[in-house]
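The values are calculated or read from the model by the stated rules, or taken from the named source; none is laboratory data. Quick caveat: nothing in here was measured; it's all calculated off a predicted structure. Cβ sites come from the backbone with ideal geometry, for glycine too, and all protein chains shown count toward neighbours.
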Amino acid sequence: MNYLGTVQRPEPPIGRNAKCPCGSGQKFKNCCLRKRRRPDPDQVGQIIDSIMAKREMLSAIYTPRPEVIAAMRRVDIHPAHVHAYSQLGFIVSPFYRKHGPADNVRRWDAAVSVYCQEHEIDAPPVHA
């Protein structure tokens, strides 16, 4: 998953072996390729703005919501899972366990384990 989105180029890419667009008659790789590797300061600013907007959006997503916690309790979700969600702000489903960030899965498992140890209850089954 790419949380940062995509950056669109203002023009199509130039092949390394194509003629250089500067008009020198040389191949692009032997002429202006190295010069073009430096990012345009405006592009860097746009990329940073885009990353910061995505980061703000993700922080809103990873904020535990009281109505979700109440709903989880109403439908008899294991209390260790409710605790983990209230601590972390995300839920680890079987799909997330397989495809999500491993660090988040480890944090989820640790929160569930701590809750079960503190309350002396059996841990819920882990679905792979």
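Against the conditions (1) at pLDDT 90 or above; (2) touching a helix residue (DSSP H, G or I) at 6+ places or on another chain (Cβ under 7 Å), Ser113 satisfies every one except (2). I'm trying to understand the selection: among the residues of the range 59-105, which are within 19 Å of the chain's Cα centre (by Cα), assigned to a helix (DSSP H, G or I) and either of a type in the set (Lys, Arg) or more than 18 Å from Cys116 (Cα to Cα) (or both)? Answer for the range 59-105, where residues must be within 19 Å of the chain's Cα centre (by Cα), assigned to a helix (DSSP H, G or I) and either of a type in the set (Lys, Arg) or more than 18 Å from Cys116 (Cα to Cα) (or both): Ser59, Ala60, Ile61, Pro94, Phe95, Tyr96, Arg97, Lys98, His99, Ala102, Asp103, Asn104. Applying the criterion of being of a type in the set (Gly, Ala, Ser) and either in a helix (DSSP H, G or I) or without any contact (Cβ under 8 Å) to a residue 40 or more places away in the chain (or both) to the residues of the range 106-128, the residue that is surrounded by the fewest Cβ atoms within 10 Å (Cβ to Cβ) is Ala128.
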